[in-house]
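What follows is a short report on a single structure.
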Amino acid sequence: MLILGGLVATFDEQGTLWPDGAVKISGDRIVEVGPASELAARYPSDERLDATGSLVLPGLICSHTHFYGAFARGLALKGEPPADFSQILERLWWRLDRALRPEDVQASAEVCLLDAIRYGTTTLFDHHASPRFIEGALDIIAETTHNAGVRACLCYEVSDRDGRDLAVAGIRENARFIQRCQRQPDPRLAGMMGLHASLTLSDETLQMAVGSANELGVGCHLHVAEAKADVADSLKRTGLRVVEHLYKAGALNARALAAHCVHIDAYEIDILRQAGVRVAHNPRSNMNNAVGAAPIPRLLRDHITVGLGNDGFSNNMFNEMSVAYLLHKAAAGDPRVMPADDVTRMAFRHNGRIASDIFGMPIGVLAAGAAADLVIVDYRPFTPVTPANLSSHIIFGVDGSQVRTTICAGRFLMRDRRILSMDEEAVTARARELARKLWARF
């Protein structure tokens, strides 16, 4: 297949931009990217997709999300609103995840995947929790993501908050699923060892999980210093701040994916840098939970790989980019902080680096040999677009609602805004019914 005529933004190392470009796809990989006239002449018999008047981008990546959070939308909590992050966990999320049944796990994943496809997000890192249904939960999510056609890295959230037995069951579920991925390789499926956070993990559970991850050759996907309560707990129990505690326990290394990292100091940042830890920034969630603004500008200056996630918000990653751009300016009181180039570097280059390491192929770039994950966006700029100002055009001019076509692994998941890989009406109707029942149990 040949995609012709669009403004092709490759997000390669050189920042190559083809004003009248083309992308040649064969199977699940990109074969060539270049001028439309040259590729059209080189591949005259290929099926052609006209992208004239559109922006062609790599498929968006979300480096941290929670599919099951879909059923929190519109859920009314009784009593006074939660006053801090600990109350949000106890009164919303930990009650919600305990109410999940197998059918809810599947339905919540389905609606999130509809959302992802609609907004051009083709690779997601999900962090799942369902303490009343652990064994086999990741298989259900894997089947759902596979049928939807997206690329997903899955894990189960290990925690001692529901008792030792369920913590061990969570480790087993992660290990079982990781071994499945290793025995039956799938280029669109991967697993990590999921951990909640330092404040809900005993030393014994943490060591068991890290040992299992090391034996399997995978990293830990975990929440790190999201709120001050995590720091206070770590200092009280261990005498160490969160990053130092997790690093000494072996949970933070070059394979790890650390979500949030809001309340970390300069010493902890240096640990992250030296250990090669990847960080997932979730600006909308951090603002919503009022936990603060992570020191992302400092992390980027220190050459730490910082990707962009949504922590369960909508999979419109263009919105996440916009919020990241604004949040750090407001937090610092400085309009120079977090320029557009830094935001798109997180969303495309850094997220792509994280995904490429996990899936073992180039992802997040339009280049020969890379995964054929791309989106076509309706965008007719009224000012010139150059490699130097592309990021500003994306931040100020592009939104997920403009995505017209979504392709993952060479397969059309949405074409001309019609979702092809899922039955949107059936999925949403089923989710509404299940959400009603779950809310009654909540």
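Some values worked out for this structure:
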item: Amide hydrogen neighbours beyond the local backbone of A227, cut-off 5 Å, H modeled; result: none
item: With Cα atoms, 0 to 90° folded angle of helix 317-332 axis to the chain main axis; result: 60
item: Two-site label geometry, E204 and E13: point separation in nm, points 7 Å out along Cα→Cβ; result: 5.0
item: Region 230-304 shape via C-alpha gyration tensor axes, a/c threshold 1.5; result: oblate
item: The chain - share of DSSP beta bridges that are antiparallel (%, nearest 5); result: 45
item: Mean ellipticity per residue at 222 nm, deg cm²/dmol - from DSSP H runs of n ≥ 4 across the chain, formula -39500 (n - 2.57); result: -11500 deg cm²/dmol
item: For region 247-394: rounded, prolate or oblate by the Cα gyration tensor [a/c cutoff 1.5]; result: oblate
item: Cut-off 12 Å between beta-carbons: net charge of the residues surrounding R273, Lys and Arg +1, Asp and Glu -1; result: 0
item: Inter-centroid distance (Cα atoms) of region 100-117 relative to region 1-22, Å; result: 33
item: Shape call, region 60-359: gyration tensor on alpha carbons, a/c limit 1.5; result: rounded
item: Positive minus negative residues near D203 (Lys, Arg vs Asp, Glu; Cβ under 11 Å); result: 0
item: Distant-in-sequence amide H partners of R404 (H built 1.01 Å from N, under 5 Å); result: I376, V377, D378
item: At most 12 other Cβ within 10 Å, DSSP loop - GluC sites (Glu not before Pro), region 35-112; result: E47
item: Mean Cβ count within 10 Å, highest first, over the residues of peptides 54-66, 353-365, 221-233; result: 54-66, 221-233, 353-365
item: Spin-label pair E38/A368, simplified geometry with 7 Å Cα→Cβ offset, distance in nm; result: 1.0
item: Estimated vicinal HN-Hα couplings, Hz - region 60-71 in sequence order (Karplus 6.51, -1.76, 1.60; Gly, Pro = x); result: 6, 10, 10, 8, 6, 8, 9, 4, 5, x, 4, 7
item: In Hz, Karplus ³J(HN,Hα) per residue of region 192-209 (6.51, -1.76, 1.60; θ = phi - 60°; x = Gly, Pro); result: 10, 8, x, 10, 5, 7, 3, 6, 10, 10, 6, 4, 5, 5, 4, 5, 5, 5
item: Integer Hz, Karplus 6.51/-1.76/1.60 couplings in order for region 89-99, x for Gly and Pro; result: 4, 6, 9, 10, 5, 6, 7, 5, 5, 6, 8
item: Span from the region 241-292 Cα centroid across to the region 25-52 one, whole angstrom; result: 41
item: Under-22-angstrom lysine pairs by C-alpha in the chain, whenever the two are 8 or more apart or on separate chains; result: 5
item: Residues whose placed amide H lies under 5 Å from that of C62, excluding near-sequence neighbours; result: T123, L124, F125
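Every read-out reported here was derived from the displayed coordinates using simple, explicitly stated rules and does not represent laboratory data. Given the structure is predicted, the values throughout are model-derived calculations rather than measurements. Ideal geometry is used to build each Cβ from the backbone, glycine not excepted, and the neighbour counts take in all protein chains shown.
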